[in-house]
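Structure first, then comments.
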Amino acid sequence: MHATDLWTPVRWADNGRVQVAYDRLTTGTDGDPLLLVTGLGISRRWWPDGLCLALAARGFAVARYDQRDAGESSHLPRTATGNPISALVRGGGEAYTAEDMTDDGIAVLDALGWSSAHLFGQSLGGAVAQRIAVRHPGRVRTLTSASAVPGDAAGLSAVRYIRPGTLARLARVRHPDTPEGDVEAGVEVARILSVPGRPFDEAAVREHLTVIADSGVRDKQAQSRQIGARWRGPAISEITVPTLILHGEADPLVRPSAGRRIAARIPGARLVILPGVGHDLPESVWDDVADEIRRLADERPSAG
């Protein structure tokens with residue numbers, strides 16, 4: 001199967017005036033619904049196809065979407081948010097709230113015709129997935145959060161989990177506003193987020209990024225609005241669905257203590273530390289991750 005045949009054409013879900021872009025994997029469509037929640041600033045196409053196929057092989061129907069202000073979803077007007085670091089510490093104004101972002105995910109479930117789904121979020125997507133599980137518990141079958149901070153952390157309570165040196169390096173990524181610049185910025189970000197000292201397959205990363213053509217890694221304004229959207233809802237300790245927390249042992253951006261803290265606060269959550277993994281999901285762990293999510297789904301009590 002060609003890469004272009006793996007996913008359905010893009011579709012859009014509506015949350016008020018915001019249109020949320022999504023698509024579905026074309027294999028495994030009769031499996032258990034699983035929605036992938038994407039990280040800060042990037043498009044849904046950053047999810048590795050190989051990981052998605054591994055999930056489909058384990059009985060999941062996989063869909064993914066672009067957060068607002070990323071990919072093909074609606075981009076909000078520019079606001080005076082500064083940069084992602086200041087937005088994380090002080091908040092990004094009132095462009096939208098974290099609750100709005102959780103409701104985007106629910107709009108996608110509605111558009112897919114899924115009354116409920118398993119959630120798998122990575123990085124910012126992990127925090128958003130936690131918030132969806134708090135705000136819309138009846139729509140979530142299980143929750144998997146990877147490489148994330150606690151979904152109810154904000155300001156300095158969130159910063160404590162972030163490695164400032166890595167965040168500063170990400171803030172300094174500067175490349176021209178061109179398709180070539182998008183690729184170069186993506187390669188630089190991917191290198192920063194991988195494990196220092198681990199072989200980095202630049203050619204494969206560059207080839208993938210050339211195909212997905214994502215400018216989100218350069219859009220500091222959009223990233224600031226996303227990361228600055230404050231959560232005012234319940235604590236993650238109120239999450240009741242079966243939960244799996246994944247975190248790279250060598251994550252250069254978010255300290256593993258964040259994963260441990262999330263797991264300690266969500267009743268019954270299971271923590272899996274991924275040896276030799278950074279702030280990414282490399283091919284070496286795709287099968288393990290898919291197995292863990294399948295195990296979580298199989299442990300879920302059946303309805304009724």
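A few points about this structure:
- Residue match in segment 257-276 (condition: surrounded by 21 or more Cβ atoms within 10 Å (Cβ to Cβ), over 15 Å from ALA133 (Cβ atoms) and touching a helix residue (DSSP H, G or I) at 6+ places or on another chain (Cβ under 7 Å)): yes
- Matching residues, segment 199-217, being surrounded by fewer than 21 Cβ atoms within 10 Å (Cβ to Cβ), under 22 Å from GLY165 (Cα atoms) and at pLDDT below 80: none
- Hits in segment 212-240 (condition: under 14 Å from ILE42 (Cβ atoms), out of contact with any Lys or Arg (no Cβ under 7 Å at 6 or more places or on another chain), touching a residue at least 40 places away in the same chain (Cβ under 8 Å) and of a type outside the set (Lys, Arg)): GLY216, VAL217, ASP219, ALA222, GLN223, GLN226, ILE227
- Selection of segment 1-46 for residues being of a type in the set (Phe, Trp, Tyr) and either in contact (Cβ under 8 Å) with a residue 60 or more places away in the chain or touching a His at 6+ places or on another chain (Cβ under 6 Å) (or both) yields TRP12, TYR22, TRP46.
- Selection within segment 161-187 - in a helix (DSSP H, G or I) and without any contact (Cβ under 8 Å) to a residue 24 or more places away in the chain: PRO164, GLY165, ARG169, GLU180, GLU184, VAL187
- Qualifying positions in segment 41-62 - in contact with a helix residue (DSSP H, G or I) (Cβ under 6 Å, 6 or more places away or on another chain), among the hydrophobic types (A, V, I, L, M, F, W, C) and buried (at least 24 other Cβ atoms within 10 Å of the Cβ): ILE42, LEU55, VAL62
- Residue in segment 284-291 that is at pLDDT below 95 and either closer than 21 Å to LEU53 by Cα or among the aliphatic types (A, V, I, L, M) (or both) present: yes
- Residue check for LEU35: in contact with a Gly (Cβ under 7 Å, 6 or more places away or on another chain) and either under 26 Å from ALA222 (Cα atoms) or aliphatic (A, V, I, L, M) (or both): yes
Listed here are the residues, each with its yes/no results for (1) among the β-branched types (Val, Ile, Thr); (2) more than 16 Å from the chain's Cα centre (by Cα); (3) assigned to a helix (DSSP H, G or I).
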site	(1), (2), (3)
ALA222	no, no, yes
ARG230	no, yes, no
ALA263	no, yes, yes
ILE273	yes, yes, no
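- Scanning segment 35-52 for residues that are at pLDDT below 95 and touching a strand residue (DSSP E or B) at 6+ places or on another chain (Cβ under 6 Å) returns a single hit, GLY39.
- Filter result for ARG58 (more than 25 Å from THR243 (Cβ to Cβ) and at pLDDT 95 or above): no
- The set of residues in segment 247-283 that are within 16 Å of ALA54 (Cβ to Cβ) and among the hydroxyl-bearing types (Ser, Thr, Tyr) is empty.
- Among residues of segment 52-71 that are closer than 15 Å to THR144 by Cβ, those with a Cβ under 8 angstrom from a residue that is β-branched (Val, Ile, Thr), sequence gap 6+ or separate chain, pair up as CYS52/VAL62; ALA54/VAL289; LEU55/VAL62; LEU55/ILE293; ARG58/ILE293; PHE60/ILE293; ALA63/VAL108; ARG64/THR38.
The values are calculated or read from the model by the stated rules, or taken from the named source; none is laboratory data. A quick note: this is a predicted structure, and the numbers were derived from the prediction, not measured. Backbone-built Cβ (ideal geometry, glycine too); neighbour counts: all protein chains shown.
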